[in-house]
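Step one of this worksheet: look at the structure below.
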Amino acid sequence: MQSVRALLPAIAGTLLLAQASPSPTRSELVTVTSKDGTRIGVECAGTGPTLLFVHGGVGDRTRWTPMFPLLASTFTVCAMDRRGRGASGDAADYSLSKEAEDVAAVVNSRKGPVFVFGHSYGGVAALEATFLTDRVAKLILYEPPLHEPADTNLAVAARVEELVKRGELERAFITFQTEIVKQSPEELARMKARPTWPALVATIAAHPRQMRALSAYRFDAGRMTSARMPALLLIGGNTVSPYARQSIDALRRSLPNPTVVVLERQEHNAMDGGRDALAKAIIAFAR
């Protein structure tokens, strides 16, 4: 595995863009129609090839829009709301395959090469989307949960759902973050101190269906040989979840063209506390 520092020496001039003080970035919100007719909201800013962020299990596109000022001089950077979140619609019939179709629909709506970045659960949807479209030029996956035990997921999903029914959203959110994501108490405290905490907590009600869909998912290493685009696999240097490391290792061994980068001093949420390092890794890989 490489550190971010090890990946960068040939592109020091480009990295100055990511290190500069962020300035306000004008963005536009558009909608794309997915295969089943669900409308997917996508916010974009900047110029250049498209970089599409697919958010994880909690939150929505606004968890990623703070990355825009660091990247908009290099990419047309976009963040989509996954179905049932933010500006996107929803449907009664839910599945991981529909999430992958949503990502593919957004990719197909863009002109030119598209770089797709999937975080956590969004990383699984992004990975599956590469089998639905040939428009993904490069793929970036940040700790996709490919190997979490199904029985654990189902048990925690039931507890989270019960807490949501009782109106205990914050407790449900903390249960998920500690028992599934394996976040440290220090990282959780940092999340709780940020102004985005209430918005993140509010999205936990949509999470049990995702946990059940993920429990039914089976990673097939043999399928990965056909995903020939270059892939950047990201993991936090302080990530403690053995399942995150197992997933990254499985992808490293099965994808034809992988690069693994460790985000030093980060866990599962570098987009909150390590944006400069994350932007550097993205730009280095894209270049």
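Among the candidates 121, 142, single out the residue that is under 26 Å from residue 246 (Cα atoms) and touching a strand residue (DSSP E or B) at 6+ places or on another chain (Cβ under 7 Å). Checking each option against the conditions leaves just 142. Considering segment 219-245, and only residues there that are in contact with a helix residue (DSSP H, G or I) (Cβ under 9 Å, 6 or more places away or on another chain) and among the β-branched types (Val, Ile, Thr), the residue that is farthest from residue 280 (Cα to Cα) turns out to be 225.
Within segment 90-125, restricting attention to residues that are touching an Asp or Glu at 6+ places or on another chain (Cβ under 7 Å) and assigned to a loop (DSSP other than H, G, I, E, B), the residue that is surrounded by the fewest Cβ atoms within 10 Å (Cβ to Cβ) is 91. Once segment 93-135 is narrowed to residues that are in contact (Cβ under 8 Å) with a residue 60 or more places away in the chain, β-branched (Val, Ile, Thr) and in contact with a helix residue (DSSP H, G or I) (Cβ under 6 Å, 6 or more places away or on another chain), the residue that is nearest to residue 215 (Cα to Cα) is 116.
Scanning segment 231-278 for residues that are over 22 Å from residue 70 (Cα atoms) and not in a strand (DSSP E or B) yields a count of 20. Filtering 214, 233 for residues that are crowded, with 17+ Cβ neighbours inside 10 Å and modelled with pLDDT of 95 or more leaves a single hit, 233. Would you call residue 165 modelled with pLDDT under 90, of a type outside the set (Asp, Glu) and farther than 30 Å from residue 114 by Cβ? So residue 165 fails the test. On the stretch given as segment 64-84, residues that are under 20 Å from residue 207 (Cβ atoms), touching an Asp or Glu at 6+ places or on another chain (Cβ under 8 Å) and buried (at least 21 other Cβ atoms within 10 Å of the Cβ) total 5. Considering segment 129-219, the qualifying helices (runs of 4 or more DSSP H), each wholly inside and each with 3 or more residues that are within 18 Å of the chain's Cα centre (by Cα) and of a type in the set (A, V, I, L, M, F, W, C), run over 197-202, 207-215. Does segment 30-44 contain any residue that is part of a strand (DSSP E or B), of a type in the set (Lys, Arg) and at pLDDT 95 or above? Taking every residue of segment 30-44 in turn, at least one turns out to be part of a strand (DSSP E or B), of a type in the set (Lys, Arg) and at pLDDT 95 or above. A residue that is touching a residue at least 12 places away in the same chain (Cβ under 8 Å), β-branched (Val, Ile, Thr), out of contact with any Asp or Glu (no Cβ under 6 Å at 6 or more places or on another chain) and part of a strand (DSSP E or B) occurs nowhere in segment 55-62.
Among the residues of segment 81-102, those that are of a type in the set (A, V, I, L, M, F, W, C) and closer than 21 Å to residue 145 by Cβ comprise 96, 100.
The values are calculated or read from the model by the stated rules, or taken from the named source; none is laboratory data. A quick note: this is a predicted structure, and the numbers were derived from the prediction, not measured. When we count neighbours, we look across all protein chains shown, and the Cβ atoms used for this are built from the backbone with ideal geometry, even at glycine.
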